[in-house]
1. Under a straight-distance cross-link criterion of Cα-Cα below 29 Å, which lysines are reachable from residue C:8, leaving out those fewer than 8 residues away in the same chain?
2. So which chymotrypsin sites (Phe, Trp or Tyr not before Pro) in region D:101-209 end up in coil per DSSP with only 16 or fewer other C-beta atoms within 10 Å?
3. When only alpha-carbon atoms are used, what values of Rg and Dmax, in angstrom, describe region A:79-190?
4. Go from 0 up to the bin containing the longest alpha carbon distance in region C:207-293, width 10 Å each, and give me the % of pairs per bin.
5. Counting only other chains, and only Cβ atoms inside 10 Å, what mean value do you get across the residues of C:191-198?
6. What does the structure give for C:282-295 when I average, per residue, the other chain Cβ atoms found within 10 Å of the residue Cβ?
7. Test of understanding: what is the full-extension gain from residue D:24 to residue D:259, defined as 0.36 nm times their sequence separation minus their Cα-Cα distance?
8. Given the C-alpha centroids of region D:103-118 and region D:57-99, what is the distance between them in whole angstrom?
4 protein chains.
Amino acid sequence: MIVILKEKPESKQLDNLIAWLADRGLTPHITQGVHQTILGLVGDTSRIDIGLLQQMDIVEAVTRVQEPFKNANRKFHPLDTVIPVGTADIGNGSMTVIAGPCSVESEEQIIAVAQSVKASGAKLLRGGAFKPRTSPYAFQGMGAEGIKLLLAAKKETGLPVVTEIMDISQLEYFADVDVIQVGARNMQNFELLKQLGHINKPILLKRGLANTYQELLMSAEYIMASGNENVMLCERGIRTFENYTRNTLDISAIPALKTLSHLPVIIDPSHAAGISKFVAPLSLAAVAAGADGLIIEVHNNPACAKCDGMQSLTPEQFQNLMQNIALVKQAQTQCK
Amino acid sequence: MIVILKEKPESKQLDNLIAWLADRGLTPHITQGVHQTILGLVGDTSRIDIGLLQQMDIVEAVTRVQEPFKNANRKFHPLDTVIPVGTADIGNGSMTVIAGPCSVESEEQIIAVAQSVKASGAKLLRGGAFKPRTSPYAFQGMGAEGIKLLLAAKKETGLPVVTEIMDISQLEYFADVDVIQVGARNMQNFELLKQLGHINKPILLKRGLANTYQELLMSAEYIMASGNENVMLCERGIRTFENYTRNTLDISAIPALKTLSHLPVIIDPSHAAGISKFVAPLSLAAVAAGADGLIIEVHNNPACAKCDGMQSLTPEQFQNLMQNIALVKQAQTQCK
Amino acid sequence: MIVILKEKPESKQLDNLIAWLADRGLTPHITQGVHQTILGLVGDTSRIDIGLLQQMDIVEAVTRVQEPFKNANRKFHPLDTVIPVGTADIGNGSMTVIAGPCSVESEEQIIAVAQSVKASGAKLLRGGAFKPRTSPYAFQGMGAEGIKLLLAAKKETGLPVVTEIMDISQLEYFADVDVIQVGARNMQNFELLKQLGHINKPILLKRGLANTYQELLMSAEYIMASGNENVMLCERGIRTFENYTRNTLDISAIPALKTLSHLPVIIDPSHAAGISKFVAPLSLAAVAAGADGLIIEVHNNPACAKCDGMQSLTPEQFQNLMQNIALVKQAQTQCK
Amino acid sequence: MIVILKEKPESKQLDNLIAWLADRGLTPHITQGVHQTILGLVGDTSRIDIGLLQQMDIVEAVTRVQEPFKNANRKFHPLDTVIPVGTADIGNGSMTVIAGPCSVESEEQIIAVAQSVKASGAKLLRGGAFKPRTSPYAFQGMGAEGIKLLLAAKKETGLPVVTEIMDISQLEYFADVDVIQVGARNMQNFELLKQLGHINKPILLKRGLANTYQELLMSAEYIMASGNENVMLCERGIRTFENYTRNTLDISAIPALKTLSHLPVIIDPSHAAGISKFVAPLSLAAVAAGADGLIIEVHNNPACAKCDGMQSLTPEQFQNLMQNIALVKQAQTQCK
């Protein structure tokens, strides 16, 4: 960490700063320049509150040289992390597609969707049991019962299942779930992240609506620091001023997260766009940009089949998309 | 709710839509215009997923006429809610100041701060025991022990205490806490909100970094719908492109939330600015705009007294600010 | 346009509103519902200030049924606009690549770059002559002299040239320029847009840093309403809270703008990312998502060749990227 | 400027970087640390493209120690700039109110508004003649004729006038205008800014919808570097995800801009909120936070008087607000 001091700092303030750093186990290397004094902090600066340092009267600017995350940092783990789930190896350069309905609604529905997405090439089944809803009056999901139905679909099709946890107290129901999803709204639910670090299951960690890459990686760090290295990062759209789409898919997150970290990157085009006809172009874009996987909403609920346009794809649309994904993935693999 | 259909809708699609609405207990009033068909939906539309409706092929646009929140809605509760805490009546047109350190660090520290902020006119004591930190390597707070120390300071000074809960599992430690704070990162931790609806304590609900007024009110609705009507709304800065300040204080939240809702509005200038010298002007702005209260960071930790510039005020700065707040509040009260 | 009135409007206010609409040549169709009154406005509502209407005391909500843009609207022009420039037909489903240096620096430089990008398959040459710079102390470009050098490169290679105009007063220098670029900062420089509507050259209109799709299309409308239909829309990244990349490329702009409009959509991955190693993945993503073209920075300036990492690609990197673009474009063309 | 290099830089790359800096007249002071190499750049770094430097392969991070603006920088001009206009001294600690209609519509209208706002205590008259409108089909203002009417109102009342320029070509009409306004959309119309630097009139420079404080000050720098030091900075709301208000008033801009610069800071609550009932609380907030002035929309157009709720105040509402502003200003003046 580099600390640039204001011109001509008071020696008393400088002594105070050095003492404050010493309290935190850091000895600064002082460079007295013609125009400014620079402190180079060597050692573990991850415990330093950079904001607090920046606010000090004698400090002009602070620059972190090392990122504050370690386990998730590619600098310390150059090789890509590969997470095996069922027949998929997520992160090894292949494209894994996770598909299923937004919510589990019935055994028939989830089994039917599971069979159709498997037939189209999906490697994992997704489905919401515990649903985070903005409104307390909206359908909150089937809960534990929904997980039972997902597991029934798994038994029927062999597809591993991915479903979201909203609170530590629900953990008991996830014993047979293959991948636990942490939703965007819980990305900084640190108590939940810590608990998920103590279990031995892959975690699909979704980026918060207004969180930076670094904050996402710090949340991954919470899980990894507690011992669970199996984290997948998921970009699902960020909140911007543009409201034509529900959120703005940050496609740059793919090369950015892969530069900063060794963890797999999954893209969720369904929640990003909120418009079913945009799911295909955004999926193909993610494949071309080098994503490790996609998580796509597919339903064949007769009641909802009436409403064509929602963000979910029909099984037919999904089957067609999978063929297109294969074409683009093949081209992307040939790229030098 | 008003649904405007695309020009010349297929009758089959229209029948499907009407059936879909009927499934949800709604009978549309159809207006056949020269250029478009309009459906007026009467009844409880709060259960309708507006996004899903907007995505339907035959739908051009949807407009919600009633807001989706009820208990928090001023339309149904014209009178301001007043929440009594200790000697304060929050929401009755007076200005309640909540003050204290970011974190509880020791008994001496918290008692000393409590005594000084009380002497300056603060009506409640704040202090962090369970701390949400972006980094797993940063100080996580004293936890349950910190709450014990807060209660010791309460015993010493008579000031009611406000402190943050991060997870339902911590609830047991909050039995003697006067006001439970839900932090910005947990504003949409719906399981936590539901639980807080079942207890009988005032809740200080902070707005999320990138959440709209309506989303904040929907989170308040989660608490109120479960039976706890004592919710205070807290604006603490939103995330924007401007990084000179840590966050951007949305001062318009005061008149906006008071228009939409009857709940008290508290402003947190310390976290919004992240710069101690900005706390005073932002506090005075909030008073002038009609806020019901302020929550301000004050510390007198000798170790940190070395670092002048952090977001916390010294007891002296706070005492001076309280005098200025009184001057501006008096003027604001005289405004017609 | 649909205007929903508040419950039980005062008849005097309603009369005033109807008179106000009449002043603007609109006769409302009034629907008296059980719970609300709805006005359906038929006719040309593009002149109505929707904000003003929304602010009226008796108005609950306003919904625009027709978009406020006409010439740029796909509803009225279902077929894609194709703009021929040199050997390229921009908008016909093919992928046109525009390449060149950020700034024209010398005749040798621009000719060398022109020859190399042409050899790699670029169809147009870009280069900055008049440069919008945040700082008045930064290099402001070679101006008119820079355009002369671009035209020399065009003479040498046959590549049509694209360069930016910053002010109407510069128009005289653009007589032989093939495509005039309007930069993001001038997207709402309406006087400039009006003037560009009176000339007969293709305009490359860049989206402003914080402008919506609709605002971009309204700016295109300024040009088209003045008579010039040859507008290309360019997404070059928007401003968000994420600062790891210079801007956030809004990849959804491709399907969104193609849904709303018939105009070609060009992507600028160089300015969006601001990081040269991200230009390739973002370019391939744009191709897969169905963009009509790309505008990419390439330089071979020996002085700058020293600084590897800037946002520009070297001729070698660009040649390799063009091969990859061809692979992905071929796959995208096969997609159903 | 401080440049931190990556660990173990190649000596060839380091030589290239040093040569590149030498080309720009800079000799780095090299500090060889145990873990990193730091270059301290002394001299005029305002011409250095920091982005370009940050992209270099061997560069880990760059920190600017001096802000890139000079004339607008409080560091070099500690005393507040005071700009006398008519009977007002803007920037001397008093509160100057500029008021008038959004658009000049007729001689009767502008004279009537001028007389009423003067009677209520406004020191300057505002009114739009050249109107930047998102839609080419919306009223574009009366243009030169509108300025004539503003000057007639000035003759009648003695109030100096403020009106917006949209293009250099309009400058001829501004000979007798007292303060020239640059709108948010033109904040980075650099050719216009340069020209305004060559005239000797105060400029009211509005912050762009998505521009940082530094970018605003760099635009002021364009004007000042060309010789015109009379610049007033105007915060008028920024674009965020919150759409209940038209824009989000960034109240922190007051202490922030006054810390960074010596120029007066004016707040525009009318455009920020877009809701007339919010103009009063936001105005009082700005006064309490220490703004030098306010620019407020007031109209008494009978046609528009019908539409109560727009962002403009009626003369009666404005008169009442002026009394409240005086009360809060008096309190703010007493604050220590």
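Bear in mind these aren't lab numbers, they're just calculated from the coordinates by the rules spelled out. None of the values given here were measured: they were computed from a predicted structure. Counting neighbours? That spans all protein chains shown, and the Cβs are built from the backbone with ideal geometry, glycine included.
1. In chain and number order, the partners are B:6, B:70, B:75, B:258, B:336, D:277, D:306.
2. Sparse-neighbourhood loop chymotrypsin sites (Phe, Trp or Tyr not before Pro): D:139.
3. That works out to 14.2, 46 Å for Rg and Dmax.
4. In whole percents, the pair-distance histogram is 18, 49, 27, 6, 0.
5. Counting other chains' Cβ atoms within 10 Å and averaging over C:191-198 gives 3.
6. Mean partner shielding for this stretch: 6.
7. Value of the extension gain: 81.6 nm.
8. Measuring centre to centre over Cα atoms gives 33 Å.
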